[in-house]
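First up is the structure itself, then whatever we jot down about it.
The values are calculated or read from the model by the stated rules, or taken from the named source; none is laboratory data. Small disclaimer: the values here were computed from a predicted structure and weren't measured. Positions of Cβ are backbone-derived with ideal geometry, glycine not excepted, and every protein chain shown enters the neighbour counts.
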Amino acid sequence: MRGDEATDTYGKIASAGQIEPIAAIVARTQFRALCDGEETTIAMTGGTPYSLKHPKNVGKCAITLACYDQNNAEIPNTKVILKRGCSILIYTSTNSTFQIKMKCDDLDKDPAPNCVLEIDE
């Protein structure tokens, strides 16, 4: 990098007043459900660790992510709650995970039935 260049927090290089993108556009996948407290399977892992990249709640109710074992029992200490508009960098399952599920709860008492989890592909 030359002395007159700087990298900002969005991964772009500023050079002599110009900003040039250096990152590729990443496709996003959406999982949709109702805000009814029912579980929806979003990944079948077969006991292999799996990561959801940049999961973000873009819906109208809180989303709980959790891992489940081969007997469909929730694995302790794997639960993450994403409130409306919140995201995390990565969600990674354990070695004993066979499914990752999301559950949409109306914790904010919003009557809208739109539960949407968005992740990077």
>> Considering only residues that are surrounded by 15 or more Cβ atoms within 10 Å (Cβ to Cβ) and within 17 Å of ARG28 (Cα to Cα), which ones fall in the stretch 83-101?
In response: TYR91
>> I need every pair where a residue in the stretch 102-116 that is closer than 23 Å to LEU52 by Cα and assigned to a strand (DSSP E or B) has its Cβ under 6 Å from the Cβ of a residue that is among the hydroxyl-bearing types (Ser, Thr, Tyr) and at pLDDT 85 or above, sequence separation at least 6 or different chains.
In response: MET102/THR40; LYS103/THR64
> Which is out of contact with any Pro (no Cβ under 6 Å at 6 or more places or on another chain), crowded, with 17+ Cβ neighbours inside 10 Å and not in a strand (DSSP E or B), of GLY47, GLY59?
Replying inline: GLY59
> Can you tell me which residue in the stretch 1-44 is surrounded by the fewest Cβ atoms within 10 Å (Cβ to Cβ), limited to those that are of a type in the set (Ser, Thr, Tyr) and at pLDDT below 90?
Replying inline: THR9
> Quick check: is even one residue across the stretch 61-70 farther than 17 Å from ARG28 by Cα, of a type in the set (D, E, K, R), at pLDDT 95 or above and in contact with a strand residue (DSSP E or B) (Cβ under 8 Å, 6 or more places away or on another chain)?
Replying inline: no
> What are the residue pairs meeting all of these: first residue in the stretch 44-68, first residue touching a residue at least 12 places away in the same chain (Cβ under 8 Å) and under 16 Å from SER96 (Cβ atoms), second residue among the small types (Gly, Ala, Ser) and surrounded by 16 or more Cβ atoms within 10 Å (Cβ to Cβ), Cβ atoms under 8 Å, and 6 or more apart or on different chains?
Replying inline: THR45/SER93; PRO49/SER93; TYR50/ALA43; TYR50/SER93; SER51/SER93; CYS67/SER93
